[in-house]
1. If I ask for residues that are touching a residue at least 40 places away in the same chain (Cβ under 8 Å) and in a helix (DSSP H, G or I), which ones from the range 1-43 would you list?
2. Please tell me if L207 is over 21 Å from the mean Cα position of the chain (by Cα) and modelled with pLDDT of 95 or more.
3. So, in the range 198-221, how many residues would count as being within 18 Å of S234 (Cβ to Cβ), touching a residue at least 60 places away in the same chain (Cβ under 8 Å) and not aromatic (F, W, Y)?
4. Across the range 427-439, which residue is modelled with the lowest pLDDT among those that are surrounded by fewer than 17 Cβ atoms within 10 Å (Cβ to Cβ) and within 22 Å of G336 (Cβ to Cβ)?
5. Scan the range 127-160 for residues that are within 26 Å of N342 (Cα to Cα), among the acidic types (D, E) and at pLDDT 80 or above and jot them down.
6. Scanning for something of a type outside the set (A, V, I, L, M) and at pLDDT below 90, does the range 349-365 turn up at least one residue?
7. Just a yes or no: is a residue in the range 168-182 part of a helix (DSSP H, G or I), in contact with a Cys (Cβ under 9 Å, 6 or more places away or on another chain) and of a type in the set (F, W, Y)?
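The values are calculated or read from the model by the stated rules, or taken from the named source; none is laboratory data. What you are looking at is a predicted structure, and each value in this text was computed from that prediction instead of being measured. FYI the Cβ positions are ideal-geometry reconstructions off the backbone, even for glycines, and counts take in every protein chain you see. Remember, those area values only see protein heavy atoms, side chains included, never the ligands or the DNA or RNA. Shrake-Rupley method; radii C 1.70, N 1.55, O 1.52, S 1.80 Å.
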Amino acid sequence: MDIQNLLEWTDKQVLDKTGKHLDSLQESILQGIWEHQDYEEIAKDNQRSYDHIKKEAWKLWQLLSDVFEEDIKKSNVRSILENKASSIIYHFVNSPNSNNISNSRVNICRENNSYSENNLKKSSNFPDNDHLYPIIDLTKAPELRYNYGRKLEISTLKEWLDNKTRLITIYGLTGIGKTALTLKLVSEIAPQFDYIIYRSLENIPQLIALKDDLKQFFAQSLSTPLPDIIDYLSSYRCLIILDDVQNIFKLGELAGKYLPDCQDYHKFFHQIATTSHQSCLILISWELPRDFVTLKSDKIKTLYLQGLTTEFEEIFKEYGLKSEEKWTKLSELYQGHPNWLNIISSTIIELFDGEVSLFLEQMKNEIYLGDIEDSIECHLQRLSATEKKVIHWLANQTEAVEKFPKTASLDLSTSEFWATIQSLMRRCLLDKLSSETSSYFPINPVFKSYLQRNPND
């Protein structure tokens, strides 16, 4: 987001709450922090003393904390204001007393978004052309605290949507940024759609209940509701986002196998993937549904989301970590995983006063896990008995095993072994890398470290 747009937006929020504008020095402090200046640089630019700038900055953080009801300080002001400013997007809900549609706001994490009643377009698809589109319900989406990079992934998703892809699965480890990526995508492509809705399958709703919820959302703007979900997807351009899809898959079996009460989800997803329409369903999951692998169609796409490449620097800057020359090594150690990097950054602040070099020196070749263990255990609890056997075996190999030539000690048939490898890949616990002569399947180093220390898990 452009700093001038951010300053204008922030000033308006302060004016609405206090009746006063930000003064020029307050704006200069905000701009300086945005550009990663320290107080000494800001003081020099404004011909003020360091102590004066520090004092005025403290007052500014208190003011903004009151206005936005957040604990705002130098280290987080940029990310909080950017997220709040860019989270303004209109959605429409039923009025409790009539069939009228009123608008309100929801919070999601995104970078560039400036929707207002003036630039939301009127849709010619609706019988009543007074309706504005997109009609959006993100009320149940999480409010996210980070939103880093992902330009390549956003570009890929936009291309798929432009090509009228019907079903997209975004899968990856918990905390890798799947939901953040999807909500950022929404902020950039919303005007292309008539309807956008987010729902989570965290509590494993019955499909009939989910369908009723979706139909109620779609029907709110129409005088005559349509009979089925697929009719809305055909008549309008809709984007349905279903998060936490892994919850409708069985625990203790190979990846992507549906729970007995959720078999109808398979049929529903298959219908959306194979029926001609102009809409898209995005599934967000820890693991890849097995039935989509065999569906060969350019209207079905999967995106395996992995760690950050260079954007990790934003995380470390927000925490004020030191030893910047060691940041790349720290990120590589934790696979560029945003949530893990946040956890480790907090640890380095807490134990080593932000000194990354001291942390790495103390750890030497060991991967410190700490609070990361909880997310690791969540994934391991989903594994089948054969997956646990194979992943423990892999964790104790000195190098990534090429072609897995000797597996007799596992007491598995060749077929069972490779089915297990395939399942672990679909859970994002193994990668497939190619060499000049063959392929090999390295285990995620963070999981490997955990398994070596916890051989009975």
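1. N5, L6, W9, T10, Q13, V14, K17, T18, L30, I33, W34
2. Answer is yes for this residue.
3. So the answer is 1.
4. Out of the qualifying residues, it is S434.
5. E153
6. yes
7. no
Each row is one residue, and each column tells you yes or no for (1) among the polar types (S, T, N, Q); (2) open to solvent by 10 Å² or more (accessible area, probe 1.4 Å); (3) farther than 27 Å from L259 by Cα; (4) not in a loop (DSSP other than H, G, I, E, B).
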{"position": "L185", "(1), (2), (3), (4)": "no, no, yes, yes"}
{"position": "P191", "(1), (2), (3), (4)": "no, yes, yes, yes"}
{"position": "P205", "(1), (2), (3), (4)": "no, yes, no, no"}
{"position": "D212", "(1), (2), (3), (4)": "no, yes, no, yes"}
